[in-house]
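**Q** This is the structure, below, for whatever I ask next.
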Amino acid sequence: MCGRTEAPTLGRMSETDTTRDSALPEVSQADEPLRPALGDWAWRAFFALLVLLFGVFVGGIAPWFSLSCGTCQDGMRDARFITALTVVAWYVVPLVTVGTAAGLFLPRAGVRIGWTGTGLVAALLFVIMVLGRIPA
């Protein structure tokens, strides 16, 4: 073709070429995916441990606090919604807690999932306390 001996570079830079091809888009720092650093992973692991401990408290100890009664004969009151309280404490709280702890390690939305899940566990603590305080 017209006596040309050079092969086209197809948008690649040759070793001697110091100018960029104008057909290539500029790559900025904002286009690259953000990867958490090692320190971020350490804080996420610590936060996951705190979430798990909070979940153990809410699912294991909070139902006893909600049912306790100082003036009752055996120290425990009869609750109207004891089945709902048991379902929330045994099934919903562990599911939300483990999901939150696992979601913390997602690279992009982990911290948002962590705070949202911790708020959900706190809301479940409130639900457990209310369900335990309603007399039969």
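**Q** For Cys69, what residues show an amide H to amide H distance below 5 Å, using hydrogens built from the backbone and excluding near sequence neighbours?
**A** Sorted by chain and number, the residues that satisfy this are Met76, Arg77.
**Q** Then there is this: Report the full-extension gain for the segment Ala109 to Ile134: residue separation times 0.36 nm, less the Cα-Cα distance, to one decimal in nm.
**A** Numbers: separation 25, 0.36 × 25 = 9.00 nm, distance 3.77 nm.
Full extension from Ala109 to Ile134 adds 5.2 nm.
**Q** Still on this structure: Heads up, I need the accessible area for Thr71: 1.4 angstrom probe, whole protein in place, Å², nearest 10.
**A** Approximately 130 Å² of Thr71 is accessible to the 1.4 Å probe.
**Q** In nm, give the distance between the simple-model label positions of Leu52 and Val87, each being 7 Å from the Cα along the Cα-to-Cβ direction.
**A** My value for the distance between the label points is 2.8 nm.
**Q** Let me ask something additional. About the Cα centre, and with charges only on the beta carbon of Lys, Arg (+1) and Asp, Glu (-1), how big is the dipole of the range 31-116? Nearest 20 debye, please. Let's see the in-between values first.
**A** Values: 6 positive and 5 negative charges, 13 e Å.
With only Lys, Arg, Asp and Glu charged at Cβ, the dipole is about 60 debye.
**Q** In 5 Å bins starting at zero, report the fraction of Cα pairs in the range 34-104 per bin as a rounded %.
**A** For the range 34-104, the binned pair fractions read 3, 15, 19, 17, 13, 10, 8, 6, 4, 2, 1, 0 percent.
**Q** Ordering Ile134, Ile82 from largest to smallest accessible area (1.4 angstrom probe), what's the sequence? The partial results should precede the final answer.
**A** Working: Ile134 50, Ile82 75 Å².
Putting Ile134, Ile82 in descending order of accessible area: Ile82, Ile134.
The values are calculated or read from the model by the stated rules, or taken from the named source; none is laboratory data. No experiment lies behind these values; they were computed from the predicted model shown. Using ideal geometry, Cβ is built from the backbone for each residue, glycine included, and neighbour counts are taken over all protein chains shown. Keep in mind that these areas ignore ligands, DNA and RNA; they rest on the heavy atoms of the full protein, side chains included. Shrake-Rupley method; radii C 1.70, N 1.55, O 1.52, S 1.80 Å.
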